[in-house]
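A.B. asks: Dropping a structure here in structure tokens format, bear with me for questions.
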Amino acid sequence: MKIGIVCYPTFGGSGIVATELGKALAEKGHEIHFIAYRQPVRLNDSLNNVYFHEVRVAEYPLFEYPPYELGLACKLLDVVKFEKLDLLHVHYAIPHAYVAYLAKQMLAEQGIKIPVVTTLHGTDITLVGKSPGLAPAVSFSINHSDVVTAVSEDLKKETLASFSIRKEVKVIPNFIDFKIHQADFNKDLHMYFAPNGEKILVHISNFRPVKRVGDVIKIFAKIRKHMPLKLLMVGDGPDRESAEYLCRKFDYCSDVKFLGKSNDVSRLLAISDLFILPSEKESFGLVALEAMAAKIPVISSDTGGLSEVNIHGVTGFTSPVGDVAKMSADALLLLKNEEMYKKFSTKAYEVSKSFDIKNVLPLYEAAYEEALK
Ligand code: GMT
């Protein structure tokens, strides 16, 4: 199949899912055309069967807001037509599904049919999309997609509850490609961050308010009172500064390292002991799954689809959003109890195996077949 994949190329789960999916499909022999305003972060090799088309957005002094959607629609028209694509797979209802609809209409006028598969990732449904001004466009885009998928049962439920949806929404969970997530424990790197063999907590996100990075600092501060400990804060975004200021108010702030964005989180996960994800909202929590694939138990909130990934009492612990006291107590319990920690670590890995891309790829291929019918 010749498949066009539209995604946000930035650091973030949806871009990673789209990129890893495309790469795996290409490996299976499909021809993949990524279409985005920048090369997706994990699309860094030149691979067989993979093409990248950059969306150029017209700049003109009159345009206070560059017309991304128009640029994307015209790029889709061009790529579908000249690369003879069979199908478009767009990640995010806003704006990618409705841009795909526009491209589809333009192509139909030229006698070209292009089915559209839309994957919902969360922010388009649970945060931005719910604003009353945008909701009609979200419902419209979903209803006009040929096949719609959501990354968790919870996201499906929330989509059906929040919008007027006539389409079936299929759940296809996010996945892990174990070929990529294979970093070994690096003794020197561990020594660098924890020279006295301290345990390491890690948080990875885009530091948006929804990630509650302040809670991560508070959790660390509570546990640090009871044991030597380091915290790695990986990523960057709007709440990084406030997290840094908060950290400076507590003792032991020098045990916290803000590392910025990383292209290779596996090597940091491989030297860490616990992953902390106290998010306000999380339709899936791909990064929690990446931590579990590195055999790290997860301390997270129980929001959205997170509980479908981090199984409470098995792969880690979940708590109500904002319950810093419980999250700290659960983390301390695991860090202090070696036997228990080992069991959770083993289970975290086992559960992550059920999200192996090998199991998930055929579900997307079946969705494509259905769209083509
Ligand atoms: O969480 C973010 O800020 C990034 C966002 C994205 O667009 O990548 O993540 C969403 O999609 C991921 C991949 O499906 C999910 O793992 C995240 O849970 C979801 N984020 C939210 O629902 C807030």
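A short reminder: the numbers here are calculations on the coordinates, not readings from a lab. Quick caveat, the model's predicted, so the values are computed rather than measured. Glycine gets a Cβ as well: all are built from the backbone with ideal geometry, and neighbour counts include every protein chain shown.
A.B. asks: What is the spin-label model distance, in nm, from S354 to K261 if the labels are put 7 Å beyond Cα along the C-beta direction?
C.D. replies: Label-label distance for S354 and K261, simple model: 3.4 nm.
A.B. asks: Give me the number: length gained by fully extending A161 to A366, i.e. 0.36 nm times residue separation minus the C-alpha to C-alpha distance, one decimal in nm. Present the calculation step by step, with values, prior to reporting the outcome.
C.D. replies: Numbers: separation 205, 0.36 × 205 = 73.80 nm, distance 2.58 nm.
Length difference between fully extended and current span is 71.2 nm.
A.B. asks: What stretch of the chain, leaving out the sites themselves, is the longest with no chymotrypsin sites (Phe, Trp or Tyr not before Pro) in a DSSP loop having at most 12 other Cβ atoms within 10 Å?
C.D. replies: With chymotrypsin sites (Phe, Trp or Tyr not before Pro) excluded where exposed in loops, the chain gives 186-373 as its longest stretch.
A.B. asks: Hey, got a sec? Which trypsin sites (Lys or Arg not before Pro) in the stretch 211-265 land in a DSSP loop and have at most 14 other Cβ atoms within 10 Å?
C.D. replies: Details: sites: K211, R212, K218, K222, R224, K225, K230, R240, R248, K249, K257, K261; in loops: R212, K225, K261.
Loop-located and lightly packed - K225.
A.B. asks: Only helices at least 20 Å long along their own axis, judged from Cα atoms, and with Kyte-Doolittle mean hydropathy of 0.0 or greater: name those in the chain from DSSP H.
C.D. replies: Numbers: long enough: 13-27 (21 Å, 0.54); 68-83 (21 Å, 0.67); 338-353 (23 Å, -1.27); 357-372 (22 Å, 0.21).
Those that pass (Cα extent of 20 Å or more, hydropathy at least 0.0) are 13-27, 68-83, 357-372.
A.B. asks: For the pair H312 and E168, how long in nm is the line joining their label points, each one 7 Å along Cα→Cβ?
C.D. replies: 3.2 nm
A.B. asks: To continue, here is another question. Relative to the present Cα-Cα distance, how much length would full extension add between E69 and K28 at 0.36 nm per residue of separation?
C.D. replies: Details: separation 41, 0.36 × 41 = 14.76 nm, distance 3.09 nm.
The E69-K28 span can extend by a further 11.7 nm.
A.B. asks: Taking neighbour Cβ counts within 10 Å as the exposure measure, how do I219, I94 sort from fewest upward?
C.D. replies: Numbers: I219 27, I94 18.
Ascending Cβ contact count within 10 Å gives the list I94, I219.
A.B. asks: For V41 paired with L134, estimate the spin-label separation in nm (one decimal), with each label point 7 Å from Cα along the Cα-to-Cβ line.
C.D. replies: With each label point 7 Å from Cα toward Cβ, the separation is 2.0 nm.
A.B. asks: Could you tell me the calculated FRET efficiency between K249 and N186, based on Cβ-Cβ distance and R0 = 30 angstrom, to the nearest 0.05? Display every interim value, and only then the final one.
C.D. replies: Values: r = 32 Å, r/R0 = 1.07.
It comes to 0.40.
A.B. asks: Please go through the stretch 32-107 and write out the trypsin sites (Lys or Arg not before Pro) that DSSP classes as loop and that have at most 10 other C-beta atoms within 10 Å. Kindly include the intermediate steps, with their values, before the conclusion.
C.D. replies: Working: sites: R38, R42, R56, K75, K81, K84, K104; in loops: R38, R42, R56, K84.
Of the trypsin sites (Lys or Arg not before Pro), the ones in loops of the stretch 32-107 whose Cβ has at most 10 other Cβ atoms within 10 Å are K84.
A.B. asks: Here's another thing I want to ask about it. For the chain, what is the charge dipole size about the Cα centre, in debye to the nearest 20, if Lys and Arg each add +1 at the Cβ and Asp and Glu each add -1 at the Cβ? Can you show the working numbers first?
C.D. replies: Working: 44 positive and 45 negative charges, 100 e Å.
With only Lys, Arg, Asp and Glu charged at Cβ, the dipole is about 480 debye.
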